[in-house]
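Data first, discussion second: the structure below is written as structure tokens.
The values are calculated or read from the model by the stated rules, or taken from the named source; none is laboratory data. Everything numeric here is computed off the predicted structure, so don't read it as measured data. Cβ placement follows ideal geometry from the backbone for every residue including glycine, while neighbour counts extend to all protein chains displayed.
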Amino acid sequence: MDLYLLWVAFLLGVVEGATEFLPVSSTGHLIIAADILNYSGKSSKVFEIFIQLGAILAVITEYRKKLIDTFSNVHQKSDAQNFVISILIAFIPAALLGFFFHSLIRCIYLTLFQFP
């Protein structure tokens with residue numbers, strides 16, 4: 001493996017880790033850092049997806065006990081019910097926008113981010 005790619009992966013991992021729990025866009029910082037490091041193309045997009053997956057899995061791992069407790073007691077505890085309802089309320093607008101405007105979003109995305 002190319003030593004430069006390992007260095008880029010390390011630096012982008014540090015950027016992702018440092019910004020994931022801050023109230024800033026970790027993805028935005030990741031994209032800017034990749035541009036600064038001159039790392040672009042299809043492989044950079046795949047890397048961004050997988051590094052985000054790693055961050056999501058880290059959060060799930062960190063809060064696994066709380067998540068299991070919440071979802072296993074959703075029928076018994078009002079706090080768990082409120083949490084699930086809040087997640088659904090937050091999800092519904094995004095799902096509806098995605099459903100109704102999928103073709104428009106895809107068209108705009110392909111127009112802005114066409115790869116050679």
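Structural remarks
- Only one of Ile36, Ile68, Ile32 that is out of contact with any helix residue (DSSP H, G or I) (no Cβ under 6 Å at 6 or more places or on another chain) and in the same structural domain as Asp79 (by TED's automatic domain parsing): Ile68
- In the stretch 68-116, residue nearest to Gly17 (Cα to Cα) [restricted to those that are in a loop (DSSP other than H, G, I, E, B) and free of Cβ contacts under 8 Å to residues at least 12 places away in the same chain]: Phe113
- Test for Ala80: is it under 19 Å from the mean Cα position of the chain (by Cα), small (Gly, Ala, Ser) and surrounded by 10 or more Cβ atoms within 10 Å (Cβ to Cβ): no
- Residue list for the stretch 36-67, restricted to those being part of a helix (DSSP H, G or I) and not hydrophobic (A, V, I, L, M, F, W, C): Lys42, Ser43, Ser44, Lys45, Glu48, Gln52, Gly54, Thr61, Glu62, Arg64, Lys65, Lys66
- The condition of being surrounded by 14 or more Cβ atoms within 10 Å (Cβ to Cβ) and within 26 Å of Leu110 (Cβ to Cβ) holds for only one of Glu48, Glu20, that being Glu48.
- If you check Thr19, Thr111 for being of a type in the set (S, T, N, Q), farther than 30 Å from Asp2 by Cα and at pLDDT below 90, only one passes: Thr111.
- Here Asp35 passes the criteria (1) surrounded by fewer than 14 Cβ atoms within 10 Å (Cβ to Cβ); (2) acidic (Asp, Glu); (3) modelled with pLDDT under 85 except the one numbered (3).
- Filtered residue count, the stretch 24-72, keeping only those that are more than 12 Å from the chain's Cα centre (by Cα), among the hydroxyl-bearing types (Ser, Thr, Tyr) and within 21 Å of Val8 (Cβ to Cβ): 4
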